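Enquirer: Once you've had a glance at the structure underneath, I'll fire off some questions.
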Amino acid sequence: LMDNYYDEISEGYEELHREEQEKKIAFIKVRLNEYFNIEKSHSLLDVGCGTGITTIPWNCKRTGLDPAIKLLEKGNKKDEIDYVLGAAEDIPFKDNSFDIITSITAIQNFEDLEKGLSEIRRVGKDFFILSYLKASQKGKIIEEIINRLFDVKLRFEEDKDIIFFCSK
């Protein structure tokens, strides 16, 4: 199970991924400002947040969801983020709960791609930033599901990720 993998590497997770993830968020923010203005009053859910590296940089009310308890525990000391233990396939929030949903380099790890992406769509109001690892063998399936479930406004290729800006 992926959860166990991330629990097992939790000690070195940030060392392994921080720089790369921060670079991705910087890339996303530069492009995002041209299309969508995130305000303090907005609520954001980061699905597959890990330790919060991809959750922290946003200037709004933030919630991070991840199935790996040890990664969440590492993140709990940071910022004012509500960390929630859970999987993308069963997001514990009501429909249209969040203004913005992000899922950065996590989608390829979902147990059930269709269910995870459907849940993301369900709890989001109308703005989604989704990315998956370019090297993933599930890329074609992920693209197909995203294009079917969301209105893709922009698609970027970053160093290691394919990044989508979408609405419902």
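The values are calculated or read from the model by the stated rules, or taken from the named source; none is laboratory data. Keep in mind the model is a prediction, meaning the values are calculated, not measured. Every residue, glycine among them, receives a Cβ derived from its backbone with ideal geometry; neighbour counts consider all protein chains shown. All accessible areas refer to the heavy atoms of the entire protein, side chains included, with ligands and DNA or RNA removed. Shrake-Rupley method; radii C 1.70, N 1.55, O 1.52, S 1.80 Å.
Enquirer: Name the most mobile residue of 136, 41, 103, meaning the one with the largest mean-square fluctuation, in a Gaussian network model of the chain with Cα contacts below 10 Å.
Expert: Ranking 136, 41, 103 by mean-square fluctuation puts 41 first.
Enquirer: Let me see the pair-distance distribution of the chain: every alpha carbon pair, 10 Å bin width, integer percents in order.
Expert: Per 10 Å bin, starting at 0, the Cα pair percentages come out as 11, 44, 39, 6.
Enquirer: Given a cut-off of 29 Å, name the pairs among 70/153; 70/168; 61/168; 61/140 whose C-alpha atoms lie farther apart than that in the structure shown.
Expert: Long pairs (Cα-Cα over 29 Å): 70/153; 70/168; 61/140.
Enquirer: Give the residue list of GluC sites (Glu not before Pro) in region 23-107 that are DSSP loop and have at most 12 other beta-carbon atoms within 10 angstrom.
Expert: Passing sites in region 23-107 are 34, 39, 80.
Enquirer: Running a GNM on the chain with Cα contacts under 10 Å, which residue among 150, 110, 36 ends up with the highest mean-square fluctuation?
Expert: Looking only at 150, 110, 36, the largest GNM fluctuation is found for 36.
Enquirer: Related question: Taking only DSSP H segments of four or more residues, each worth -39500 (n - 2.57), what value at 222 nm results for the chain once the sum is divided by all its residues, to the nearest 500 deg cm²/dmol?
Expert: Computed ellipticity for the chain at 222 nm equals -10000 deg cm²/dmol.
Enquirer: Return the carbon/sulfur percentage of the accessible area of the chain, one whole number, probe 1.4 Å, all protein chains in place.
Expert: 49 percent
Enquirer: Can you give the charge dipole size of the chain about its Cα centre, rounded to the nearest 20 debye, using +1 on the beta carbon of Lys and Arg and -1 on the beta carbon of Asp and Glu?
Expert: 560 debye
Enquirer: Pulled fully out, how much extra length does the chain show between residue 22 and residue 115, if you take 0.36 nm times their separation in residues and subtract their Cα-Cα distance?
Expert: 30.7 nm is the gain from fully extending residue 22 to residue 115.
Enquirer: With each pseudo-label sitting 7 Å past Cα toward Cβ, what's the residue 96-residue 82 distance in nm, one decimal?
Expert: Going from the residue 96 label point to the residue 82 one covers 1.8 nm.
Enquirer: Give me Rg over Rh for region 70-165, both radii from the alpha carbons and Rh done the Kirkwood way, two decimal places.
Expert: Dividing the radius of gyration by the Kirkwood radius yields 0.96.
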